Amino acid sequence: MKKTDYDVKDFNLAETGRQRIEWASREMPVVKQIRERFSREKPFEGIRISGCLHITTETANLALALKDGGAQLVLCASNPLSTQDDVAAALVAYDISTYAIKAEDDKTYYKHIIAALDHKPNLTVDDGADLVTTLHTKREDIIRQVIAGTEETTTGVTRLRSMARAGKLQYPIIAVNDAKTKYLFDNRYGTGQSTLDGITRATNVLWAGKKVVICGYGWCGHGLAMRAKGFGAQVIVVEVDPVRALEAAMDGFQIMPLLAASKIGDIFITVTGDKNVIDRKHIEVMKSGAILANSGHFNVEINIPAMEELTKSKRRIREFVDEYSLKDGRRLFLLGEGRLINLAAGEGHPASVMDMSFADQALSLEYLVQNHNKLEREVYPVPENIDADVARLKLESMHISIDKLTREQKKYLTSWQEGT
Ligand SMILES: NC(=O)c1ccc[n+]([C@@H]2O[C@H](COP(=O)([O-])OP(=O)(O)OC[C@H]3O[C@@H](n4cnc5c(N)ncnc54)[C@H](O)[C@@H]3O)[C@@H](O)[C@H]2O)c1
């Protein structure tokens, strides 16, 4: 590989990365099985794939499965702060062109996306839709050869649906996020655990007794609230959706508007996929010492420019903690520059949960190679049989067996004649 075919922080980190990738693979039995089959069947022979994903040990395992399946693969980061530099180096050592450096600035981030697009992909694998939107706005010249793509996260799916509605989407995309074997586990248990882990690593804070305000009770919010409660925190949920607020209330959490919660919260975590959720008016009334973190996809959930305007001085007090000394004398602490804290300060989701998300990715990509001709320029769900297969394989790997419907039950469940 030529030196221009990659951009990583330090190639010498490759061996550490390789060992960590191997460690993660122990918890990814479903992806491993798929990788073994792909190695035999080569479903991606002659196919060029550009992937914009968090460059983590789990992503590396997906990448190796696709490569063994015959794909020519190039990767770039889907977030400036989520790259694991040793993994990026190891991927290059595995002959996968990778463009990702932890803490790259926005200019480099987009330069890396363009580099991934220069690969002239037939398939795109995106996480947040920056690759796809860049392709549609800056590299329209190569769009015709793209046959299909996948999208990993809620925010990306939201953006792509808007593109499809506006008639702008140029090829079919599968919303991997919306598979049950993805959001029920990755968004809930993955984000729940890894976000608290990221905040703990960044701050070493004790959760017990803290008032933790969680903005957004979607699948990520469910996991966060559950795990924060398990740590002994007093959890307050903030929502705009009445059904989800009701659910949070019946799950045993306190619900209130963010303005009220702002006055009492110790730790604030946003997981909404929305913008300026924590806004100036909230920052203005927060207690001195409050900690603010985001685990939603983009760094727009906390209004950082407004926080800067209220600030007299700022210093980095720990690696992922910025202390904002406000003009009125209060001090607030922003973690990981408002970027998804589980990946900025932690290692992201545990491999076991990414095993399912990336099995969905791998199988959806294989499905797209076989079926793209039948699909329109729309956002599609993961085929149900893939979802069920991934769950079945995961259960098998956990040595859990379940019952089967009897013939009588199958008939009963598909008929209407029989009542009491
Ligand atoms: N950190 C990670 O590793 C990780 C993993 C998965 C998803 N994500 C991201 O996390 C975000 C949330 O994902 P999700 O799957 O939980 O989404 P979701 O759509 O299931 O839930 C989001 C919730 O936020 C609520 N919300 C929206 N605006 C709000 C506001 N102003 N105030 C309060 N609540 C508001 C919505 O009503 C909804 O219930 C997305 O950006 C997604 O891409 C991050």
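Values in this text are rule-based calculations from the coordinates and carry no lab data. The structure displayed is predicted, hence computed values, not measured ones. Every residue, glycine among them, receives a Cβ derived from its backbone with ideal geometry; neighbour counts consider all protein chains shown.
In a reduced charge model with +1 at each Lys and Arg Cβ and -1 at each Asp and Glu Cβ, the chain shows a dipole moment near 540 debye about its Cα centre.
Toward the positive end of the charge dipole of the stretch 303-350, with +1 on the Cβ of Lys and Arg and -1 on the Cβ of Asp and Glu, the farthest Cα among Ala344, Phe320, Leu310 is that of Leu310. Cross-link partners of Lys287 among aspartates and glutamates, defined as those whose alpha carbon lies under 13 angstrom from its own and excluding same-chain residues fewer than eight positions apart: Asp266, Asp328. DSSP bridge analysis restricted to the stretch 251-338 gives an antiparallel fraction near 60%, rounded to the nearest 5. Over all directions, the projected convex hull of the C-alpha atoms in the stretch 174-234 averages 4.3 nm² in area. Placing unit charges on the Cβ atoms of the charged side chains and taking the dipole of the stretch 199-256 about its Cα centre, the candidate lying farthest along the positive direction among Met256, Phe231, Val213 is Phe231. Label point of Gln33 set 7 angstrom out along Cα-Cβ; within the stretch 178-201, amide nitrogens under 16 Å from it belong to 181-182. The stretch between Glu378 and Glu408 holds 6.9 nm of extra length on full extension. This uses 0.36 nm per residue minus the Cα-Cα distance.
By the helix-only formula, in which each DSSP H run with n ≥ 4 contributes -39500 (n - 2.57) and the sum is divided by residues, the chain has a 222 nm mean residue ellipticity of -12500 deg cm²/dmol.
Put in line by how crowded their Cβ is, counting other Cβ atoms within 10 Å and starting with the fewest, Val235, Val212 read Val235, Val212.
Both radii were evaluated on the Cα set of the chain; the Rg over Rh quotient, with Rh as the Kirkwood radius, amounts to 0.99.
For the stretch 87-114, the residues whose amide N sits under 19 Å from a probe point set 7 Å from the Cα of Ile142 along the beta carbon direction are 92, 95-101, 107-114.
Sorting the segments 142-150, 363-371 by their residues' average number of neighbouring beta-carbon atoms within 10 angstrom, most packed first, yields 363-371, 142-150. Counting other Cβ atoms within 10 Å, keep those with at most 12, restrict to DSSP loop, and tell me which trypsin sites (Lys or Arg not before Pro) in the stretch 317-397 are left. Hits after loop and neighbour filter: Lys327.
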